[in-house]
1. Can you run the Rg to Rh ratio on segment 98-209? Use alpha carbon positions and the Kirkwood inverse-distance Rh.
2. Dipole size in debye (nearest 20) for segment 1-96 around its Cα centre, Lys and Arg Cβ +1, Asp and Glu Cβ -1?
3. Calculate for the chain the 222 nm mean residue ellipticity that helices alone would give, adding -39,500 (n - 2.57) per DSSP H run of length 4 or more and normalising by residue count, nearest 500 deg cm²/dmol.
4. Holding the Cα-Cα limit at 31 Å, pick out from K52/K80; K22/K52; K152/K229; K88/K227; K114/K213; K33/K97 the pairs that are longer than that.
5. What is the extension gain from E44 to T84, computed as 0.36 nm multiplied by their sequence separation minus the C-alpha to C-alpha distance, in nm to one decimal?
6. Grab the beta carbon distance between L25 and E68, set R0 = 22 Å, and tell me the FRET efficiency rounded to 0.05.
7. Using +1 at the C-beta of Lys and Arg and -1 at the C-beta of Asp and Glu, which of F82, L196, S160 has the Cα lying farthest in the positive direction of the dipole of the chain?
8. Along the positive direction of the dipole of segment 1-136 (beta-carbon charges: Lys, Arg +1; Asp, Glu -1; about the Cα centre), which of P121, W20, A131 reaches farthest?
Amino acid sequence: MAENNIPLHVGIIMDGNGRWAKKRLMPRSFGHKSGMNRMIGLAEHARARGIKFLTVYALSTENLSRPEEELDGLFGLFRKYFETNIKKLYADNARVKVIGDPSGLPSDIAGLLKKAEENSPADAEFTLLFAINYGSRAEILNAVNRAVEGGKKLTEEEFSSLLYTGGIPCPDMIIRTGGECRLSNFLMYQAAYSELYFTDVLFPDFTDAEFDKALESYASRERRFGKIK
Ligand code: FPP
């Protein structure tokens with residue numbers, strides 16, 4: 001695969017954990033745990049492939065209405081990851097950025113996310129972005145309200161800088177596992193020219209080889225950004 005055909009930024013909608021667990025007669029939380037382990041592996045693999053930014057959709061704002069038991073399981077995973085696993089990420093000179101609204105999360109988790117960003121190496125070569133209590137519409141609305149407060153018309157660049165992803169390039173490719181073909185309120189502004197890749201594979205089964213298939217698909221596409229060749 002030619003190096004210039006590697007996307008700079010990939011977003012992943014990690015869908016299918018629940019169904020993966022159900023197929024094994026296990027609770028949904030078991031699916032999320034397997035999903036977290038797969039996410040950790042994929043982040044290393046993506047980095048080894050030369051990707052510089054990986055955004056994982058870990059919790060949508062809408063997911064917050066899931067049963068308490070499932071949310072407790074997810075929050076437990078976030079605690080474990082941001083207290084323990086994160087150290088390996090720093091050691092590999094990678095940084096964390098969180099996008100979403102921390103105010104809707106348990107306060108200890110909001111604190112861990114803030115700390116994870118603050119403790120990140122300044123000169124990192126790779127950024128793992130976590131979309132947590134994230135919703136694209138809320139993100140856009142928040143940026144619009146800030147723009148209105150500023151009281152002057154903005155350029156696209158100025159507006160982009162007000163999004164949670166300010167300073168991060170738009171995703172070149174968005175992958176969704178688990179068979180659904182929609183964006184579900186994920187990076188809708190930033191996805192204007194993203195290549196979309198949908199697969200039926202459930203997220204815990206989305207191996208490095210499956211990720212490579214997505215990269216091959218990306219490399220074969222012609223991106224014109226609305227222009228003619
Ligand atoms: C969607 O699958 C997945 C989620 C709502 C959670 C994704 C979270 C992880 C993979 C863990 C991330 C961990 C950290 C530390 C950020 P689903 O439950 O909707 O699956 P289903 O469609 O089969 O029910």
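1. Checking Rg against Rh, the ratio lands at 0.99.
2. Rounded to the nearest 20 debye, it is 300 debye.
3. One gets -12000 deg cm²/dmol as the mean residue ellipticity at 222 nm.
4. Too far apart for the 31 Å limit: K22/K52; K152/K229; K88/K227; K114/K213.
5. The E44-T84 span can extend by a further 12.8 nm.
6. 0.50
7. L196
8. Final value for the positive-end residue is W20.
Bear in mind that the values in this text are calculations on the coordinates, not laboratory data. What you are looking at is a predicted structure, and each value in this text was computed from that prediction instead of being measured. Every residue, glycine as well, gets a Cβ built from its backbone with ideal geometry; the counts of neighbours run over all protein chains shown.
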